[in-house]
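Data first, discussion second: the structure below is written as structure tokens.
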Amino acid sequence: MAKKQFKTESKRVLELMINSIYTNREIFLRELISNASDAIDKLYFHTLEGGSGLARNDFEILLAADKENRTLTVSDNGCGMTRDDLEKNLGTIAKSGTLDFKSENADKLDELEVIGQFGVGFYAGFMVANKLSVLSRAYGSDEAYLWESDGVDGYTVSPAVRDSYGTDVTLTLKADAEDENYSELLDQYKLASLVKKYSDYIRYPIKTMREKRRPKEDAENEYESYFELDTLNSMTPIWKKGKNEITEEEYKGFYQDKFYDYAEPLRTVHYNTEGLVSYTALLFIPAKAPYNFYTKEFSRGLQLYSNGVLIMESCSDLLPDYFGFVRGLIDSPDVSLNISREVLQQDRQLKTIAKSVEKKIKSELLKLLSEDREKYKEFYKEFGLPLKYGVYQDFGANKDNLKDIIMFDSLNTGSLVTLSDYAASMPEAQTHIYYASGETAAKIAQLPQTEILREKGYDILCLTADVDEFVIKILDEFEGKKFMSASSDDLGLVSDEEKQETEKQSDEHKDMLELMRDSLGISAVKISSRLKSSPVCLTAEGDLSLEMEKVLSAMPGSGGVTAKRVLELNAAHPLFATLCALYENDRDKLKKYASLLYTQAALIEGLDAGDLVRFSNDVCELMV
């Protein structure tokens, strides 16, 4: 029989579809099963219209693997195709009978969701097969036809025999290659896993014969093999059910099975949205961060379904990075897919869903914060860092969206607090939100520069993460209160009389302070107005703080970023009188004292203190 050529401008169109459109060869089965589901949907719809409707449980999709002949067959008892249908739908690439059906019945399809749109999914079979055969008999017809093709060379259509209406698509698999194992597609466990992954929620049962074992009736400890027709898919997605039909245990079980988490989710969010874009969302906020959450290997994003068919395993466009810890899925019939269904078009619908999901996640976090503070703190210990990075990223574009749900350690309470908590606890006289940076809250409490704040009872936000100070700089203020570092030059807490006294002492000892500054090679040495009991502390001038210096210096290629360091002296401490006496009598020794004080202050700050051997020798020399 002479082959007919495909009705396209070039054979290369089919080559493109076989080799370029799809990036993952295993999705061929998803496409064929989706086509079978659409064929059943069409028949179900037409029989309903005709008043002799078939029940949904009358339909099924069968998979049959023949290892000896290397064939895999996908069968359905749907509407089937006439000879003309085969010519029109399979002989013309990118001709979708389902799309035509949708267009013709657009006003009647309120309850019917068909999948196919582009008419190319069928040809995905050529990724794994060197020959495709389609045996089909249309509903209401006594005639069946066989369509066969081995690819770009064309196809044939011939009369055939099929016992009843429906379609069989048979793939003759390619020979195994060095980097491709096509034979595994005939394995019952592989087929089951592919159905579970991509087509688990097709509304009709997908069945196949599976080998099983059972005890022999008349023999102890002996087993026999037998075959049984098994249903591979669950058919009804949990998210398609009403929330009142689903128990907490079902939600938890679905989450743990779907996302391989041993722990129960911290919070479950299940909702439907209808409007310009309709979708169902089932989201989970985990209780614990996955072991690889803070690595490049962790895949952020939500699963994307279209009418129960998995389109993308992880659609990162549906979640901002700072909510990347959320697991779950979106099922929408409205998202615009490209013809491979593996890559989404960047359109308004997708952006609308993403924005809506983002708002919902934030509202749920605020609700958790309000309803169960301790549980929120546990969540924040696991996933607080992404939220803080979200504030800092994109030049603070999302800071207003995130500022209400980030937390910091409080020096006064010894616990995590929100910025709203801090602002609400501020005394009336307090005009700024104070913070200090360090490795831990305990070490921050020991910093000399926090003495004046602690004396007044003002709380201090403890910035213990590398990103914290960058976050504070981006936020700049909260509810009209400016953020201020405990190391700032002017904390606004010193009276005019104290300022005048400090300025007077600075003028009197100007030459001594300059000598110490020059010997240390730092930005300044000055008399402090913040110190109460400690003799000395180290601060920085300008926008680059000491903590920022530590963070930036640790980055590759930083070139050793250095803040403008300032050594502050407590003029009320007995040591200051000793420094003044040395200035008059032994300036070389004064320089050594200055070096010791500077190293001491650097060690307290957790900074590189330079030559510690020299420091130790100088201490020993002064002790003699």
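List of remarks:
- Residues within region 35-85 that are of a type in the set (Gly, Ala, Ser) and either in contact with an Asp or Glu (Cβ under 6 Å, 6 or more places away or on another chain) or touching a residue at least 12 places away in the same chain (Cβ under 8 Å) (or both), tallied: 8
- Whichever residue in region 143-159 is outside any strand (DSSP E or B) and either at pLDDT 95 or above or in contact with a Ser or Thr (Cβ under 9 Å, 6 or more places away or on another chain) (or both) and, among such residues, is surrounded by the most Cβ atoms within 10 Å (Cβ to Cβ): 150
- Residue pairs whose Cβ atoms lie under 6 Å apart, separated by 6 or more positions or on different chains, with the first residue in region 488-508 and without any contact (Cβ under 8 Å) to a residue 12 or more places away in the chain and within 13 Å of residue 452 (Cα to Cα) and the second open to solvent by less than 90 Å² (accessible area, probe 1.4 Å) and among the acidic types (Asp, Glu), do not occur.
- For region 422-449, a residue qualifies if it is surrounded by fewer than 18 Cβ atoms within 10 Å (Cβ to Cβ) and either under 18 Å from residue 370 (Cβ atoms) or acidic (Asp, Glu) (or both), and the qualifying residues are 423, 424, 425, 428, 439.
- Test result for residue 508, of a type in the set (Asp, Glu) and open to solvent by less than 30 Å² (accessible area, probe 1.4 Å): no
- Residue count for region 227-241, restricted to those that are open to solvent by less than 50 Å² (accessible area, probe 1.4 Å) and either of a type in the set (Ser, Thr, Tyr) or assigned to a helix (DSSP H, G or I) (or both): 2
- So residue 442, is it out of contact with any Ser or Thr (no Cβ under 8 Å at 6 or more places or on another chain), part of a loop (DSSP other than H, G, I, E, B) and either closer than 24 Å to residue 379 by Cβ or free of Cβ contacts under 8 Å to residues at least 40 places away in the same chain (or both): no
- Strands (runs of 3 or more DSSP E) lying entirely in region 256-322 (those with 2 or more residues that are open to solvent by 30 Å² or more (accessible area, probe 1.4 Å), at pLDDT 90 or above and within 21 Å of residue 364 (Cβ to Cβ)): 267-273
- Considering region 360-404, the residues that are of a type in the set (Asp, Glu) and touching a residue at least 12 places away in the same chain (Cβ under 8 Å) include one that is most open to solvent (accessible area, probe 1.4 Å), namely 378.
- Number of positions in region 323-341 that are open to solvent by 10 Å² or more (accessible area, probe 1.4 Å) and at pLDDT 90 or above: 1
- Scanning region 43-71 for residues being modelled with pLDDT of 90 or more and either at positive phi or not acidic (Asp, Glu) (or both) gives a total of 11.
- Some residue of region 161-168 being modelled with pLDDT of 95 or more and buried (at least 23 other Cβ atoms within 10 Å of the Cβ): yes
The values are calculated or read from the model by the stated rules, or taken from the named source; none is laboratory data. Remember, it's a predicted structure, so these values are computed and weren't measured experimentally. Note: ideal-geometry Cβ built from the backbone for every residue, glycine included; neighbour counts use all protein chains shown. Heads up: the accessible areas ignore ligands, DNA and RNA and are worked out on the full protein's heavy atoms, side chains in. Shrake-Rupley method; radii C 1.70, N 1.55, O 1.52, S 1.80 Å.
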